[in-house]
1. Out of every Cα pair in the stretch 213-274, what percent are spaced more than 15 Å from each other?
2. Can you give the helix-only mean residue ellipticity at 222 nm for the chain, where every DSSP H stretch with n ≥ 4 adds -39500 (n - 2.57) and the sum goes over all residues, rounded to the nearest 500 deg cm²/dmol?
3. Based on C-alpha coordinates, I'd like the Rg and Dmax of the stretch 124-225, in Å.
4. Report, to the nearest 10°, how far helix 14-24 tilts away from the longest principal axis of the Cα atoms in the chain, using its own Cα long axis and a range of 0 to 90°.
5. Could you give the angle, 0 to 90 degrees to the nearest 10, between helix 184-196's Cα long axis and the longest principal axis of the Cα atoms of the chain?
6. At a 10 angstrom cut-off on C-beta neighbours, averaged per residue, how do the peptides 113-123, 150-160, 135-145 rank from highest to lowest?
7. Enter the mean projected area of the convex hull around the alpha-carbon atoms of the chain, in nm², rounded to one decimal.
8. How would you rank 180-189, 266-275, highest first, on the average number of other Cβ atoms within 10 Å across their residues?
């Protein structure tokens, strides 16, 4: 009998790659999404259901018969349209519905170094959800990526955009804090593999290369052929530059909380690589287009019809 797998946000970024791999393996895939009108490459191969966070019975029915639920749903920052606490409560509703529907396995995409004691809501919220999933009785795999890169990503693309368009690239403080980027399809492969398992696991989903933030900027500058001076600035000034760029594009380029998370080394772990693809190799293969266009987080949140652009 053909298994049913459910993916949150199959028409978005990481959810799309997970869906591609599941379909290639012959699984039936449904998605929970807010973007029914978004153009996608799956056509009628993937049936879409609304999240129904405010209607638990309907959310449960959407998951009835599902073997594995892959949860990529989250928000990057607090905004008048969405907040971290809303994302926490909505994800708790997903866990509860999965349990009630008889879902056999949940693969949850978290973040490196989550902590309920963190002053950063991104990290504390993820930690609360990890604990709730562990205590739910559901079979689970928790994947902890730091930075995810790929043709539709935001962070790496917008660093490359800044290198192409700004006279200098500002790094916050000394820029020596580290991060471990993972390729989105490597994350998808890991998620699909964990969907086949039933043993409870927590995995640091990081790539094979470690960069300081300064090294990442310098490396991307060389690869895209736009080597700007990389300048150390106070975090407040760096945030102001990001705020100004975001204002131009009607976006939030980076938040104070994201800067603090970077500088506190929360995007780095001392763990084996969970995927083989090097950011340097991928960036070199995509150097002609990487960073040509700015990618807006808010545009993706407010425009639910347009497909994510490839960088």
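1. Details: 1217 of 1891 pairs.
In whole percent, the share of Cα-Cα pairs in the stretch 213-274 beyond 15 Å is 64.
2. Values: 11 runs with 123 residues, N = 311.
My calculation for the chain gives -12000 deg cm²/dmol from helical runs alone.
3. Every Cα atom of the stretch 124-225 included, Rg and Dmax give 16.9, 53 Å.
4. For helix 14-24, the angle is close to 50 degrees.
5. The angle comes out at about 20 degrees.
6. Going from most to least packed, we get 150-160, 135-145, 113-123.
7. Working: hull surface 59.9 nm².
That works out to 15.0 nm², a quarter of the Cα hull's surface.
8. Most protected by this proxy first, the peptides run 180-189, 266-275.
Bear in mind these aren't lab numbers, they're just calculated from the coordinates by the rules spelled out. No experiment lies behind these values; they were computed from the predicted model shown. Methodologically, a virtual Cβ is constructed for each residue, glycine included, from the backbone with ideal geometry; neighbour enumeration extends over all protein chains shown.
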